[in-house]
Every structure is written in C-alpha cells, then in structure tokens.
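Everything below concerns the one structure shown next.
The values are calculated or read from the model by the stated rules, or taken from the named source; none is laboratory data. Remember, predicted model here, so these are calculated numbers, not experimental data. Here the Cβ positions follow ideal geometry from the backbone for every residue, glycine too, while neighbour counts run over all protein chains shown. Calculation scope for accessible area: heavy atoms of the full protein, side chains included, ligands and nucleic acids excluded. Shrake-Rupley method; radii C 1.70, N 1.55, O 1.52, S 1.80 Å.
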Amino acid sequence: MGVKAALPKYELYFYNFVLYMAMLWAATWIYDVSSTNTNRKTFKPSVKPGWYYVGRKMDTEDFEWVMWFSTFWEHILFALSGHIIFAKICSLLAPQYRSLVFMVYGMLAVFTSMGWAYLTLILSHCVLLYSISLVKLRWLCFTAGLTTLATFKMEPFISWQDGFVSGNFELRHVFFYGGCGFTIMRCMSFALENCQRREGNFSFLELLKYNFYLPFFYFGPIMTFEKFYVQANNPKLIRKEGEMWKISLSALLNLSAILVVDVLLHFMYIRTIPTDAKLLKNLSDWALIGLAYINLVYDWVKASVMFGVINTVSRLDHLDPPQPPKCITNLYVFSETHFDRGINDWLCKYVYNYLGGKHENILEELIATLCTYGITLLWLGPGWVVLLWAFLNCFGLNFELWTIKLFSMEPFSSIEMSMSDSMSRRIRALFNTFNYWTIVLYNILALNSLDFAKMVAKRLFLKGFPLTTIMVMFVTYCLVQVIKESERKQALIDDPDPIPPPPPAPPATDPTQAADATDEAVDPNKEKTE
C-alpha cells in the first residue's frame, strides 16, 4: 500500500514550495559564508584565483574534479577523440572486427601513457586470472582475484608494483591504481562468467578485448563481461529511432552540468568550508545542514558527469553502459544507495544476489551484505573511516529488511490495510524521513570526514533540538513525498494498464479436461500440444 497512491494536488504543491524555499534559504547562507570568508588563512591553500572578470575565486579542494576538468581535460579529450575516430572508421569498414580495434587502440594508449613495464604488469594479472578461470571453481576465482586486489592495498606489494611505472607526471598514480584496480575487477568478472559456461572456455583474446576497452580502462565504470561480450561482438550496428538525438542530448546535459558545477565552485566553497572546524562551529544550523546536503549533491553531480562523459563515448560504440548513479536527492532507502552503478551491478550479480537469493531470509541477507561490504571495503582501501562507513551501511540495509518483516506481521499489516492508500503513503514517508538522514550522515562520513559528520549529527539531533530537528525533518518529509510522487508517475508510465486477472476455468466433468482448462486459465498464452 502507499506505493501508487496519489495525494491531492494542493498538498503536493505545498510540499514542492516548502522544499524549494528551504533549499534556496540554505544556499543563501552558504553563499554568504563563502563571500565573507574568502581571505581566511585556512582557505588560501584551496581557494585560488578563478573568474577574475567577476571577482570570484574558485574552490579547488576537490583534486579529482580539478584533475578531470582543468589540468588534464585536454589529454583525456584527445585520447577519447582518437578512440571515437578509429571506432567510427572500423564500424563503417569492418564492424565484425571493431572489438579487436578497440583492444589494439586501448593497448597502444596504455603503452603510450604508462610504458611497457606497466602494460606487462597488467597483462600478467590477466594471464594469472585467466589461467585460474580454466579450473572453473568460483571460490578459487574469488580467492585469487581478491588476493590480487589486496596487493594494491598493502605494503610491500604496493611499492614493488609501483616501481613498474617510470616517470613522475602528476596523473601517474591515478592511472596506476585506476587501471590496475579496474583490471582485476574485470578479470574476476571474466573468470566468474567462464565458470558458468558449461561447454568450453572463453578465449584469452576475449579477455584482452574486454579489459583494454579504453573508455572504461582507467576510470570505469565496470560493465560485466557477459554484457560487453554480447554487445561488442554484435556485427549488426543498427541504432534505434532517435538514439543519436538522445546521445547528443546526453552530451549537452553533461556539458551543462560541468558549467553548473564550475559556477557552484566559484560562488559556494562547499568543499573547502568543511575543512575549517572553527568556521563550522560559527555557522547556523541551516547553513551547516545545507552544506552537508549540497556536498552530497555535488558529489553525485561530479560522478554523474564523469561517468556520463565516458558513457556517451561508449554509447557511440553501440554499447549500453551502466547508468550514472542515482542522485542522493532521490534516495530514501539503503538498497539504492550507490555512487558507482558499475561496481554496484558487479557486486549485486556476483555477491549480493548470488548469496542473498530472494532477499527474504534474514540470515542469508546478513551474510550477503557482510560479504558485499567486505569486498567494497577492500576495493576502497582498508581504513577506520571506510570500515565505519561499510558497517553503518551494512547495518542500515539489514535494518530495512528487519523493519519490512516486522511491519508485514500482525497487528501492523491489519492496521495498514484498514487505512486509505494516501494515509499509508504519508506514514511510510514519515519513516523514510529518518531513513533519509541516516543515509546522508553515513555518506558524509565517507565523502568529507568523521568530524564533519559528527558535527552535523549533533546540530541536527542534539543542539538544534527541538526547533531545528522538527523543521529539517519536515522539509525532508516534503522531499520524500516529492520523490514518491515522481516514482508513482514513473510507475504509471512503465505499467499504465495492469494485466487483468485470468477468467475462471469452464466447468468440466472429465478430470483431465478440468486440469487442462485450469492450466489454460492460469496461462492463457500456453501452447497446446497434441
């Protein structure tokens, strides 16, 4: 109940009004703090000259964004442009060999940027995991893959492998860890898919084609092997009607998002302010809570743009890559909380869904989530902050299942059935409101710092109680209702006409005829064989 329930229009208008006014109010607080504290000593390392013609400096605290769209944008653009040109020529002349051309260009690009020693290191990982995949034992593939991944997270293995890369250019470490990490995850996907193949094995060449596809090589996302294999080896390159228009629109949206983020970093120093503990203590409750929320939105936009640029290139290659992450604004359940859908799809396919089954058994769900977040912890790198983030999200995911199980029992199920659908939706939204802020706080912990997350939590639930707590929760409740309305409309678009129940079976005296009639009633499309 409460999933597809509609609310009165005036109620929805009120929720939207409250939501946008609250966001605007919080943004004005942050803008004021950014404008009046430009010359602080703590700001000088990260707030640097930007748009001099409007007198605004730029927040450069986020190294990843500066690396992508300021320092090395021209190099990345040059490499991807070359890939697009060669891929287009091959698609026109010999589409059956395009996956091979992708591989050759990718290997040449890796060799040019990182050298032959690094290329040899990558190939050695591919040979190792390919050899193990021939045994066709899932546990052995997992053990070998995770052990190999762990060698990039601990000494002395890090220093030893890092020595394979010559040169001291600024992007060297990013390329090194990105290429190696994603290579191992792709090799594990290949090995696990090879284990499931009943007859024969995939060739080593297919692994190289899969791993050295340049748009995914250094920065992801990860497309699981079975999807890449089918799509990259499809010689029939036929686009759907309007597909090029959608790709062009996606590229324009990514460009617009880059401009929006650039404006945001010039007028609101959302990445630098959380590093100044003294300034944070003097901020109002609304400014601090709004800063936490906008930080998460910014990180989503950044991830969406970074993956969106790569996805646009891969869609030009007739691939269907993992979609950008779902915005934190639209998240109120832990099961949809992820910033990288490629990693999320990988974990769900090979770990979470494989161990969790239908996700109805509490014990199976607990084991599945522990294993999933254990691999995530290894992928992100062991550390106290990452460990705490993984534990809290693992608990949140399981707590959701426990809560669903509890409220599906008596007397809660009967109480909800006696309510109207709209009232059920309102009560569910009330519970989702508290869930939303646990998601926000847990992710602030990983994206900013433990101190910042603790400060936001204290202001929201302790120092700001009851006025700030009630106001923020009410605004969040409005946000959840707006999200639910969007989901309701999307559900109606996806399934406008629900399938009517099958008609009752006609009466029959012969037991055999009665059984046949019942089967036809259950499945009217079932073919009759005589």
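Observations
- When the Cα gyration tensor is reduced to axis lengths a ≥ b ≥ c, the ratio a/c is 1.5 or higher for the range 222-361, and with a/b not above b/c it is classed as oblate.
- Residues whose placed amide H lies under 5 Å from that of V47, excluding near-sequence neighbours: T60
- Summed over all non-identical Cα pairs, the Kirkwood treatment of the range 4-146 gives a radius of 21.8 Å.
- Mean residue ellipticity (222 nm) of the chain, computed from DSSP H runs ≥ 4 via -39,500 (n - 2.57), nearest 500: -22000 deg cm²/dmol
- Formal net charge of residues neighbouring C126 (Cβ-Cβ distance under 12 Å; K, R +1; D, E -1): +1
- Legend: residue pairs K227/K358; K41/K454; K349/K454; K236/K302, Cα-Cα distance threshold 31 Å; pairs beyond threshold, K349/K454; K236/K302.
- Amide H contacts of F164: none lie under 5 Å away among residues 5 or more positions distant or on a separate chain (H built 1.01 Å from N in the peptide plane; Pro and chain starts excluded).
- With at most 13 other Cβ atoms within 10 Å, longest stretch of the chain clear of loop trypsin sites (Lys or Arg not before Pro) (DSSP): 1-196
- Hydrodynamic radius of the chain by the Kirkwood approach over all distinct alpha-carbon pairs: 26.4 Å.
- Whole-Hz couplings from phi, Karplus 6.51/-1.76/1.60, listed for the range 407-415; x for Gly and Pro: 7, 7, 8, 6, x, 5, 5, 5, 5
- Among A87, L430, F43 - extreme Cα towards positive end, dipole of the chain, charges at beta-carbon: F43
- When only the Cβ of Lys, Arg, Asp and Glu is charged (+1, +1, -1, -1), the dipole of the range 407-474 relative to its Cα centre reaches about 340 debye.
- Gyration tensor verdict on the range 84-137 (Cα atoms; rounded if a/c is under 1.5, prolate if a/b is larger than b/c, oblate otherwise): oblate
- The distance linking the range 301-326 with the range 3-81 is 21 Å (Cα centroid to Cα centroid, whole angstrom).
- Given +1 at the Cβ of Lys and Arg, -1 at the Cβ of Asp and Glu and no other charges, the dipole of the range 1-70 around its Cα centre is 180 debye to the nearest 20.
- Computed from backbone phi with θ = phi - 60° and the Karplus coefficients 6.51, -1.76 and 1.60, the 3J(HN,Hα) list for the range 5-19 is 6, 8, 10, x, 5, 4, 5, 5, 4, 5, 4, 5, 4, 4, 4 Hz; x is used for glycine and proline.
- Cα centroid of the range 177-255 to Cα centroid of the range 350-427, whole Å: 30
- Simple rule: put +1 on each Lys or Arg Cβ and -1 on each Asp or Glu Cβ in the chain, find the dipole, and look at I258, F219, M58; the Cα lying farthest toward the positive end is M58.
- Radius ratio Rg over Rh of the range 311-391, counting only Cα atoms, Kirkwood formula for Rh: 1.02
- Computed with a 1.4 Å probe over protein heavy atoms only, the accessible surface of the chain comes to 53 Å² per residue.
- Rounded to the nearest whole Hz, the Karplus-based 3J(HN,Hα) values (6.51 cos²θ - 1.76 cosθ + 1.60, θ = phi - 60°) of the range 144-161 follow the sequence 5, x, 5, 5, 5, 5, 5, 5, 8, 10, 9, 8, x, 5, 4, 4, 5, 6, with x at glycine and proline.
- Accessible surface of the chain, 1.4 Å probe, proportion on carbon and sulfur as whole %: 67
- Dividing the Cα radius of gyration of the range 163-305 by its Kirkwood radius returns 1.10 for Rg/Rh.
- Taking 1.002 mPa s as the viscosity and 20 °C as the temperature, the Stokes-Einstein diffusion coefficient of the range 76-176 based on its alpha-carbon Kirkwood radius rounds to 135 µm²/s.
- Gain on full stretching of the segment that runs from K44 to Q196 - 0.36 nm per residue minus C-alpha separation: 49.2 nm
- For the range 389-488, the Kirkwood hydrodynamic radius from C-alpha pairs, put into Stokes-Einstein at 25 °C and a viscosity of 0.890 mPa s, yields a diffusion coefficient of 161 µm² per second.
- Magnitude of the charge dipole, the range 84-171, Cβ model with Lys/Arg +1 and Asp/Glu -1, debye to 20: 440
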